[in-house]
1. Kindly list the number of the only condition in (1) outside the structural domain of E175 (by TED's automatic domain parsing); (2) assigned to a loop (DSSP other than H, G, I, E, B); (3) over 17 Å from the mean Cα position of the chain (by Cα) that fails for M23.
2. Of all the residues that make up region 82-106, how many are near ligand 1 (Cβ under 7 Å from one of its atoms) and surrounded by fewer than 18 Cβ atoms within 10 Å (Cβ to Cβ)?
3. Conditions first: (1) within 16 Å of ligand 2 (Cβ to nearest atom); (2) outside any loop (DSSP other than H, G, I, E, B); (3) within 20 Å of M176 (Cβ to Cβ). D149 passes all but one, so which condition is the exception?
4. May I ask you to verify whether R109 is part of a loop (DSSP other than H, G, I, E, B), surrounded by 12 or more Cβ atoms within 10 Å (Cβ to Cβ) and either within 29 Å of the chain's Cα centre (by Cα) or not acidic (D, E) (or both)?
5. Are any of the residues in region 160-168 at pLDDT below 75 and among the basic types (K, R)?
Amino acid sequence: MTFWERLYLPEILKGIAITNYHMVRNLALHTAHLFGLAKDKRATTTTQYPEERKHYPDNYRGSHRLTLREDNSVRCTSCFLCATACPAQCIYIEAGESPDPNVEKYPVRYEIDTLRCIYCGLCVEACPCDAIRMDTYVHPRIWGFDRKDFVETKELLMHRSRVLAEKGREGNMDEMQAWYKEQDAAVYNPMRPELKTYTERERPSHLLKEPELTELPAIDRRAVSGK
Ligand code: SF4
Ligand code: SF4
């Protein structure tokens, strides 16, 4: 530390000067923006989510998706390795006999309880056939009114793969934000009193056919591993 730094006072004054500079500058720019001036200059450096959003890096691990075969069927073979590896025990699978003679099983039901999930990625690592990924560039759901809103069904997890293929890496995030706005409008819109209660709100079309959800049973890991 130099002599002036050890005195503290000059550094404190420097800090106050920087803070005041930004406050006055932002105030002036916000005022100018109100009158349509200096629109090309940003008043703040904060990302104005949800109107603006940061782009996630390529290695970002966000929400899950179930990958698809060429015929659009689910790639998962219901081997339960992801559910066994999951430390939060939040993956629920019901296996059924696959209609494809080359595949033994497929998931009749595949659900992830994202309220329990810790987004560790162990399910992705455990999967032997690349059937589950976390490359949707969608951050975990932060908005919902009951537990069902946070349980991601097989249909939703497959839908994310279709959106990613059709609309690219921003597709799922665009859709999620549109859904948030739709829900927000439906719940709080005084012009639609029939939707005033949270539980009576509309669900997005791709989730309309989801099966009735029940409490996810805890997985007995000793039974799964045969110990
Ligand atoms: S990310 Fe981790 S906690 Fe979440 S479902 Fe996968 S293994 Fe379980
Ligand atoms: S997602 Fe992968 S690990 Fe999990 S049950 Fe399906 S095939 Fe097995």
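1. Going through (1) outside the structural domain of E175 (by TED's automatic domain parsing); (2) assigned to a loop (DSSP other than H, G, I, E, B); (3) over 17 Å from the mean Cα position of the chain (by Cα) one by one, M23 breaks only (2).
2. Residues in region 82-106 being near ligand 1 (Cβ under 7 Å from one of its atoms) and surrounded by fewer than 18 Cβ atoms within 10 Å (Cβ to Cβ): 3 in total.
3. Unmet for D149, out of (1) within 16 Å of ligand 2 (Cβ to nearest atom); (2) outside any loop (DSSP other than H, G, I, E, B); (3) within 20 Å of M176 (Cβ to Cβ): (1).
4. So R109 fails the test.
5. no
The values are calculated or read from the model by the stated rules, or taken from the named source; none is laboratory data. All figures in this text were calculated on a predicted structure; none of them were measured in a lab. Don't worry about glycine lacking a Cβ; one is built from the backbone with ideal geometry, like all the others, and counts go over all protein chains shown.
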